[in-house]
1. Classify the range 84-199 as rounded, prolate or oblate, taking a ≥ b ≥ c as the square roots of the eigenvalues of its Cα gyration tensor: rounded when a/c is under 1.5, otherwise prolate if a/b is larger than b/c and oblate if not.
2. What full-extension length gain, to one decimal in nm, is calculated for VAL186 and GLN156 as 0.36 nm per residue of separation minus the Cα-Cα distance?
Amino acid sequence: MKMLLLGGFLGSGKTAVLNRVIRAISQVGGTSAVIENEIGQLGVDDALVRETGIRVTPLFGGCVCCEISGDLVQAVGQIADEVNPDWLVVEMTGLALMTDVLSVLSRYGRPDIPVHPVSVVDASRFGMLSGVMAPVLERQLRGAELVLVNKADVVQPTQEQLDLIAGWAPGARIRTVSAEKTEDTVLWQTILEGVGEAQ
């Protein structure tokens, strides 16, 4: 089992990415499970759950980077032991800090489960958000192997914005995408290449 850790600010498009990734994994004959740490109702499409038969584990009551980090570690171990899918996709709440979640998984997680952190950025709001939420955005990007600059169908990021993202996520690959408009398997291939798992 490999873990895809999906982070990003509220409204960045994590759920759109999640749904496409789950569908693509199924289309190529793989198996997956999901842990969702979103506020409110589940984001995984109900029809997709029925179609793929994936296991969805909700983690409510706080953020996986602080209040319920123990629940995350326990849920990951339980899914690995009981389901052992090819991929476990963890969608973090829009306020979770990638640095903190990676620290928890590094300290208390299972070393036999590779973790691939991916941050999703909203290209249409990044300029505004980076001005007022810079410390939060930086900690959501730092540690990512891949940054998906989403909503490129709405607006293309500027070179200055891409440079800022690169500075906040040193060493990460940066890819501009449109999760709503890109084919499932194309987006999944982009992610696999971005985290070094392409076949």
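1. oblate
2. 8.9 nm
Every read-out reported here was derived from the displayed coordinates using simple, explicitly stated rules and does not represent laboratory data. Everything numeric in this text was worked out from a predicted model, so none of it was measured.
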